[in-house]
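The values are calculated or read from the model by the stated rules, or taken from the named source; none is laboratory data. Keep in mind that what you see is a predicted model, and the values were worked out from it rather than measured. Please note: Cβ atoms are built from the backbone with ideal geometry, for glycine as well, and neighbour counts cover all protein chains shown. Side chains are part of the model used for accessible areas, which takes the heavy atoms of the whole protein and leaves out ligands, DNA and RNA. Shrake-Rupley method; radii C 1.70, N 1.55, O 1.52, S 1.80 Å.
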Amino acid sequence: MKGGVYRMLTVFREIFIFHYPSFLEKLYQSIPEVDKDEELICMLVALGQSVKEIAELIYFSPERVELLCASVCRKLNVTEVREMEILMKKLLS
């Protein structure tokens, strides 16, 4: 990942945590083994971003974003990204 993108994602993460301070704690309770890329995907899905939007925003291929979403879905024991989105949005509150 290029330096500018990495810094941008670091700033995004800090701002996200500022606005949703309990999100990561709740996420780790739901998925203790979540990795940093999956964590980022969960944050963006919780904000209602589509796979295409996430890919464009963080410079991942849409296929990589889909794989990360599928990995999170498996860890959550859900079959649809829509179910994952609903669960992630609940973690925001």
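Observations on the structure shown:
- Length released on extending from THR10 to LEU47, taking residue separation times 0.36 nm less the Cα-Cα span: 11.7 nm
- Looking at segment 46-93, the GluC sites (Glu not before Pro) that sit in a DSSP loop and have at most 16 other Cβ atoms within 10 Å of their own Cβ are GLU80.
- Simple spin-label estimate for LYS36 and ALA70 in nanometres, 7 Å along Cα-Cβ: 2.4
- Taking N as its residue count, the alpha carbon Rg of the chain over 2.2 N^0.38 Å: 1.00
- Sulfur and carbon atoms: percent of accessible area, segment 39-93 [1.4 Å]: 54
- Extended-chain gain in nm, criterion 0.36 nm per residue less alpha-carbon gap, ILE17 and ASN77: 19.1 nm
- Rg(Cα)/(2.2 N^0.38 Å) for segment 13-56, N = residue count: 1.13
- Comparing VAL72, VAL81, VAL45 in a Gaussian network model of the chain, where Cα atoms under 10 Å apart are tied by springs, the biggest mean-square fluctuation is seen for VAL81.
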